[in-house]
1. Being outside the structural domain of residue 183 (by the TED database) and closer than 24 Å to residue 169 by Cβ narrows it down to one residue among 256, 298, 228; which is it?
2. If you scan the stretch 13-46, which residues turn out to be at pLDDT below 95 and open to solvent by less than 10 Å² (accessible area, probe 1.4 Å)?
3. Would the stretch 56-70 turn up any residue that is more than 23 Å from residue 282 (Cα to Cα), within 22 Å of the chain's Cα centre (by Cα) and among the aromatic types (Phe, Trp, Tyr)?
4. When you go through 106, 113, 69, 60 one by one, which is the residue that is at pLDDT below 95, among the acidic types (Asp, Glu) and in contact with a Gly (Cβ under 8 Å, 6 or more places away or on another chain)?
5. If we scan the stretch 276-297, do we find a residue that is modelled with pLDDT of 95 or more, under 30 Å from residue 5 (Cα atoms) and hydroxyl-bearing (Ser, Thr, Tyr)?
6. Looking only at residues in the stretch 233-258 that are open to solvent by 80 Å² or more (accessible area, probe 1.4 Å) and in a loop (DSSP other than H, G, I, E, B), which one is nearest to residue 217 (Cα to Cα)?
7. Quick one: in the stretch 234-256, which of the residues that are among the polar types (S, T, N, Q) and touching a residue at least 12 places away in the same chain (Cβ under 8 Å) is farthest from residue 130 (Cα to Cα)?
8. Sort out which residues of the stretch 170-204 are within 25 Å of residue 236 (Cβ to Cβ) and surrounded by 21 or more Cβ atoms within 10 Å (Cβ to Cβ), and write them in order of number.
Amino acid sequence: MVHNKVTIIGSGPAAHTAAIYLARAEIKPTLYEGMLANGIAAGGQLTTTTEIENFPGFPDALTGSELMDRMRQQSVKFGTSIITETISKVDLSSKPFKLWPEFCEDEEPITTDAIILATGASAKRLGLPGEEKYWQTGISACAVCDGAVPIFRNKPLAVIGGGDSACEEAQFLTKYGSKVYMIVRKDYLRASNIMKRRAEKNEKIEILYNSVTLEAKGDGKFLNALTIKNVKTNEESDLPVNGLFYAIGHTPATEIVKGQVDTDEAGYIKTVPGSAMTSVPGLFAAGDVQDSRYRQAITSAGSGCMAALDAEKYLTELED
């Protein structure tokens with residue numbers, strides 16, 4: 001039976017930061033980075049980001065894949081054992097915890113004294129015709145991450161969604177775009193009153209109520225229009241935009257621990273404030289799997305550090 005002192009499940013900034021801290025503390029972590037876990041390549045959602053300009057230490061910017069490659073190299077340098085398998089089943093009912101890789105669920109489990117869950121969250125998409133073709137060449141799920149990219153500057157942009165996140169992203173994009181359309185299915189914004197007022201008063205924001213998006217169009221390389229439909233009149237039209245941003249929520253990757261640890265109503269793992277500790281001693285959560293608010297590479301890295309330090313303390317107390 002394979003036994004690990006501490007197992008990290010994930011492959012983004014939270015996972016690798018935790019790995020670096022634990023490895024430097026001579027704890028020899030094992031990190032399961034997954035094989036297209038949750039449909040995303042190892043490295044997490046950052047691998048779908050074309051250019052990162054807001055991660056400290058990189059004034060010339062770099063791609064998400066480049067940043068994650070460097071983090072992975074650093075993890076390995078200090079002694080992290082990285083396994084390219086997806087953990088598909090976890091049993092937290094007794095100590096040590098039990099883990100099973102994908103396709104090995106009926107075999108003997110891997111055991112571990114502690115787990116850092118850093119499986120992230122996936123942005124919800126609409127699956128529009130043209131979405132895959134223009135993903136990251138006009139379509140994004142993170143205005144803060146991608147809004148300042150040159151292809152969006154001084155261009156008309158669109159945000160799909162009617163909640164606080166959509167209003168916030170639209171406001172943010174007015175710094176860069178020439179105009180921002182909010183495409184809202186209903187005849188009202190479901191955002192809080194203060195966010196509604198800000199969106200409605202901003203001269204660069206136009207709200208298209210009772211509207212849905214049918215297709216993303218472009219020149220084969222970049223997005224340049226959306227086909228939208230008014231759900232009351234059934235009228236269809238093309239909206240010229242060079243950027244589309246989804247603000248319709250995220251889905252945390254918590255399926256493997258569902259029902260075994262406390263989560264909020266949206267499925268994000270609850271942590272003890274100011275820590276990475278969860279309702280299950282020995283299970284720590286870091287990154288977007290427990291963060292429904294910020295969802296940034298830098299905040300994920302910070303929570304990975306917290307998880308590593310909390311896990312190190314937990315393991316030390318186990319040995320006493």
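1. Checking each option against the conditions leaves just 298.
2. Result: 34, 43.
3. Taking every residue of the stretch 56-70 in turn, at least one turns out to be more than 23 Å from residue 282 (Cα to Cα), within 22 Å of the chain's Cα centre (by Cα) and among the aromatic types (Phe, Trp, Tyr).
4. 69
5. Yes, that holds for at least one residue.
6. The selected residue is 240.
7. It comes out as 254.
8. Residues satisfying the conditions are 170, 173, 177, 180, 181, 182, 183, 184, 189, 199.
The values are calculated or read from the model by the stated rules, or taken from the named source; none is laboratory data. Bear in mind that the values here come from a model prediction, so they are computed numbers and not experimental data. We place every Cβ from the backbone using ideal geometry, glycine too, and count neighbours over all the protein chains shown. We work out accessible area using only protein heavy atoms, side chains counted, and drop any ligands, DNA or RNA first. Shrake-Rupley method; radii C 1.70, N 1.55, O 1.52, S 1.80 Å.
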